[in-house]
Amino acid sequence: MASVWRARQISLDREVAIKFMADAHLTDAEVRERFSLEARAAAKLIHPNIIQVYDAGEQDGVAYYIMEFVDGRTVGDWLESKGSLSENLVARVAEGVANALRYAWDKFRIIHCDIKPDNVMVERTGAIKVADLGLARIIGQSSEVESDTILGTPNYASPEQARGDAHLDFHTDIYSLGMTMYHMVTGHLPFRECSPSAAYDRQIDGYVPDPLDLKAELSLPMAMLLEKMTVKAPDGRYASWTAFLDDLYKVVDGHMPAAPWPEEGESTVGRSGVRSAAIEAAQAAKVRHPALKVSSAKLHAATQSPSVAPPKSHPVAILVILALLGGIGFTGWKVYERFGQDGDGPDGPDPGPDVVVPTPTPTPAPDPHGPVPRLQGTWDHPQWRRGVGLHDRAAQRLWRVKRGQRPVEELGQVETDIRAAVAIFERLREIAPPDSVDLDATIRQCYELVFEARKVQAGR
């Protein structure tokens, strides 16, 4: 549909990516409308886990849009070199994708419709970025594609996509993320033996092997999470992205996902007799699996590894059940702590609990363009203070650019600081005291600052 070029934006001296519609589609009105829809949808989304769109337009009959350049590689490339990924890294990637899609759905009713390893990127810093909203739907708008058009990649598409249903929602993306995680953790492409059309049919009435049969050292909680995500009936999946994240964090902490669990046969992810026995054993022994933990620094190191030997096979899966009955539990890895208290976040190392992060204080002066916006809140948390400091530094920089005291090229740093601040605030959602801070209002104010910076850049 399009080609993507690496380029440099001269006015702000930064690298960008430019997506051009392929010449073969220039006369196709439907494809041009799809391309335009993609640009309009993506331009609304400002989130640390979404590749940012800066501008869009048409020149000499060629449609294009300009977006953030991501220095990294796709999860698909990562899988090709490693074969499969450990649970810790899969959980880290899943959290970034889920946060991005929760934002797109909750704020704009936008769904992706094509979540797969090739549409998720990992920056060199370890940050997760969702790419390519080329099949995105804005729910409730007339620009949705016709119901006889099947969206999505067959190996990851939901049953409702495979049927060509007209009415899709966030449940579709939850399913596709589940199939993507299945591929990542097992190294087994769902329905890889099928043609594209047959793969669509199998999504509707077929099953993929139990992940524990493909990777016996996989934890039981992760296998149950995948089964819950890929229930064939949309209303049988998670009721919200927040509900999914709650379960993901339970798995990260070594606990089983919340009940109720799917009945056998309700999910595309199959359940073997080995896992059924393991579930009974785990319930009887009340086993808590080892918690998972990994920092973004470890994620970065893993993505840079040229290759890793294929995962070891453990054909005698019954040993896993015996270990459970003995109270030993499944082997686990350490995966990432949600709020990065002792690790690195996408925006760099997090300060420890005793580190005081100073908040820049704007120089008092009359401002013909209005006062410098400052964030409000009485919470004395080091990460909150850090995010506030980044916001207020960006606001002060924008204020000086508007007054002609600083060059317009510094507007790029305004966006960089705000994106880092939003990443921090998103990580604080689960622990922020509502009587001290309003994170929704805080993040909204951050976005408003980005919009103001773009207006200044455009000369409006």
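The values are calculated or read from the model by the stated rules, or taken from the named source; none is laboratory data. The shown structure was predicted, so the numbers you read here are calculated from the model rather than taken from an experiment. Note: ideal-geometry Cβ built from the backbone for every residue, glycine included; neighbour counts use all protein chains shown.
Suppose the filter is out of contact with any Asp or Glu (no Cβ under 7 Å at 6 or more places or on another chain), over 20 Å from Lys107 (Cβ atoms) and not assigned by TED's automatic domain parsing to the domain that holds Tyr249; does Asp440 pass it? In short, no. When restricted to residues that are buried (at least 19 other Cβ atoms within 10 Å of the Cβ) and not in a loop (DSSP other than H, G, I, E, B), the range 228-280 contains 14.
Scanning the range 375-419 for residues that are in a helix (DSSP H, G or I) and either touching a strand residue (DSSP E or B) at 6+ places or on another chain (Cβ under 8 Å) or within 19 Å of Glu430 (Cβ to Cβ) (or both) yields Pro382, Gln383, Trp384, Arg385, Arg386, Gly387, Val388, Gly412. Taken together, Leu398, Leu411, Leu390, Leu428 contain a single residue that is under 23 Å from Glu95 (Cα atoms) and not assigned by TED's automatic domain parsing to the domain that holds Asp246, which is Leu428.
Let's see how each residue does on (1) modelled with pLDDT under 95; (2) in a loop (DSSP other than H, G, I, E, B):
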{"position": "Glu144", "(1), (2)": "yes, yes"}
{"position": "Tyr156", "(1), (2)": "no, yes"}
{"position": "Gln161", "(1), (2)": "yes, no"}
{"position": "Leu168", "(1), (2)": "yes, yes"}
{"position": "His171", "(1), (2)": "no, no"}
{"position": "Met184", "(1), (2)": "no, no"}
{"position": "Ser197", "(1), (2)": "yes, no"}
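The criterion of being at pLDDT 80 or above, over 26 Å from Thr125 (Cα atoms) and either in contact with a Lys or Arg (Cβ under 9 Å, 6 or more places away or on another chain) or of a type outside the set (S, T, N, Q) (or both) does not hold for Val450.
For Arg32, the conditions (1) buried (at least 20 other Cβ atoms within 10 Å of the Cβ); (2) more than 18 Å from Ile128 (Cβ to Cβ) are fulfilled apart from (1). Of all residues being in contact (Cβ under 8 Å) with a residue 60 or more places away in the chain and of a type outside the set (Asp, Glu) in the range 399-414, which is surrounded by the most Cβ atoms within 10 Å (Cβ to Cβ)? Just the residue, please. Step by step, filter the range 399-414, then rank; the result is Leu411.
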